[in-house]
1. Out of residues 5 or more away from ARG333 or on other chains, whose amide H comes under 5 Å of its own, with H placed 1.01 Å from N in the peptide plane?
2. Taking the square root of 5 times each eigenvalue of the Cα gyration tensor, what semi-axes in Å does the equivalent ellipsoid of region 153-215 have, largest first?
3. Subtracting the Cα-Cα distance from 0.36 nm times the residue separation, let me have the gained length for SER303 to CYS48 in nm, one decimal.
4. Enter the mean projected area of the convex hull around the alpha-carbon atoms of region 279-319, in nm², rounded to one decimal.
5. Karplus couplings for region 78-95 from phi (6.51 cos²θ - 1.76 cosθ + 1.60, θ = phi - 60°), rounded to Hz, Gly and Pro as x?
6. Beyond a 20 Å Cα-Cα separation, which of these cross-linked pairs lie in this structure: LYS205/LYS468; LYS99/LYS143; LYS92/LYS129?
7. Determine, from the Cβ-Cβ distance of ASN269 and GLU109 and an R0 of 30 Å, the FRET efficiency 1/(1 + (r/R0)^6), rounded to the nearest 0.05.
Amino acid sequence: NNGGASSASSAGGSRSLAGGGPVAGASSTAAAGHTYYPTCHLPPPTSCHVTKYSIIIMSHTVDRLSKVMKNLEELCRRKATSEVVLVWNAEKSQISEAKNGTDASRIWEWHLDPSHPFRIFLSFERGLKNDLLNRYHPSIEPKEEAIVYFDDDGPFFSELAMSEVGLELWRRNSDAQVGCFPRNVRFMSDRMKEHQIANTAGSIKRVAGGLGFGFNEDVLRQNNAAGGRGQAAAAQAAPATPPPPPLPEVSFTPTCRTRSRDTEVVEYNYHNFPSHAAHMLLPSGSILHRNYLCFVWHPAFESLRRYVRTHPTHCDDQTISALVSHLSGRAPRVFPRRVHPDKTKENGPAGGGGNGGGEEGEKKKKKKRRRRRLLLEDYDAYIDDGSSDPGDVHPDAHSEQQSPRQRRTDRAHRRLLWQHKDWGTLREESINSVSGYFGSINPGSVGWCAGDSRYEIVHRRTRREECKPEFPERGMIPWVVEGGTGHDVC
């Protein structure tokens with residue numbers, strides 16, 4: 001595919017994929033008597049009119065509702081929340097006939113209250129099975145164009161991070177998948193490595209030049225040629241002003257498996273959350289335009305859905321990110337999952353990080369490092385299908401060497417990475433299969449600091465970009481602050 005988006009993104013020309021029943025982001029025309037699927041429409045590059053989002057959470061057992069309930073009321077109270085939808089992948093009777101006073105009975109009462117922003121989507125009542133992809137089913141019919149996803153066991157990111165930072169980034173990039181829990185793949189061949197380095201460097205320059213957001217790119221190129229970033233720059237620029245160098249192009253990295261299987265395969269990196277060069281997003285904290293639901297369940301992608309259902313890792317995260325990026329021709333956009341309020345004289349100096357000094361400050365730093373270590377160990381460290389065979393679990397899964405915390409996790413039907421003898425191999429197999437299906441991998445994300453030399457650093461040895469601090473104050477984020485890169489898009 002010459003390094004571009006795969007054939008799935010050919011819909012981008014007309015921004016639609018024909019099929020032939022009314023779902024979100026779709027229209028339909030079909031002859032009488034014909035079985036048809038709607039025509040899916042790609043979302044616009046910007047959605048500046050959007051100020052609210054629908055939150056979708058999926059669960060399949062009442063045992064896991066306690067974690068949801070701890071956060072559900074707060075999610076419903078958020079200013080940007082229009083509705084919270086629980087996709088219930090189990091029998092209706094488990095919650096509709098639950099004992100009074102239980103979490104299940106309480107959410108059922110909320111569901112029956114038309115004035116409450118909470119509702120339940122009963123998958124089995126819609127003829128669906130227990131499927132991770134049900135949270136992307138168009139029959140959910142979200143009220144809002146912006147959909148925020150959380151796993152039922154979290155993490156549930158703050159209103160500041162999701163509403164004031166994440167949603168604002170999505171409004172400026174509504175045709176991309178936006179999120180705060182990124183992962184990437186490691187390229188093994190020198191060809192792919194060099195292509196990724198060039199893509200990341202080019203993407204940063206494009207953001208700094210105004211092309212990293214959901215602008216009309218033709219208009220922006222004209223503006224850029226006139227030496228400006230704003231919409232009116234071309235008209236205001238002096239004719240004698242020499243145009244700056246053209247901004248670099250970025251492209252998808254082809255996966256040329258016909259060369260050498262040893263060098264053209266990729267590795268799945270689950271050791272950190274890279275802000276730059278991330279190729280996929282984990283579901284919690286991700287934001288997606290509702291029009292993509294139509295595509296996810298389109299008959300054209302039945303083989304992808306079947307692969308997710310049957311693969312031992314049920315790789316819906318890898319699949320959704322790959323599908324959306326190839327449909328849009330864009331890499332995911334990333335925002336920090338933790339954002340600090342701007343510092344004041346009352347709560348500490350600006351840029352101080354909020355940890356203070358002395359012994360108390362050091363304790364807080366150690367606590368933060370411990371939380372981060374646990375997060376890295378736990379969040380992506382499971383296969384969660386809710387319906388797998390016991391034979392899939394490693395024989396040592398219930399070893400007495402497990403900590404009480406790990407045993408509690410098992411009782412919640414989590415199977416940790418090290419409890420599955422082939423998890424790493426299977427996860428790598430899935431990312432290679434998904435990328436092989438499309439024939440290429442997106443250019444990779446840029447971090448929140450892209451284009452701002454005050455916060456962006458490049459490691460000399462690895463040539464890898466990072467944002468420092470990793471968790472910034474709100475006022476450091478460019479698209480949030482007036483005058484910052486991308487702010488004037490909306």
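1. Amide H neighbours of ARG333: GLN177, VAL178, GLY179.
2. Working: eigenvalues 143, 68, 13 Å².
Over the Cα atoms of region 153-215, the ellipsoid semi-axes are 27, 18, 8 Å.
3. Working: separation 255, 0.36 × 255 = 91.80 nm, distance 3.47 nm.
Value of the extension gain: 88.3 nm.
4. Working: hull surface 13.4 nm².
Projected over every direction and averaged, the Cα hull of region 279-319 covers 3.4 nm².
5. My calculation for region 78-95 gives 4, 4, 7, 7, 8, 7, 10, 10, 9, 7, 9, 9, 7, 5, 4, 4, 4, 10 Hz in order.
6. Numbers: LYS205/LYS468 18 Å; LYS99/LYS143 31 Å; LYS92/LYS129 13 Å.
Among LYS205/LYS468; LYS99/LYS143; LYS92/LYS129, the Cα-Cα distance tops 20 Å for LYS99/LYS143.
7. Details: r = 44 Å, r/R0 = 1.45.
The pair ASN269/GLU109 has a calculated efficiency of 0.10.
Throughout, read-outs are computed from the coordinates displayed, never taken from laboratory work. Quick caveat, the model's predicted, so the values are computed rather than measured. Heads up, the Cβs are rebuilt from the backbone with ideal geometry, glycines too, and the neighbour counts pull from every protein chain shown.
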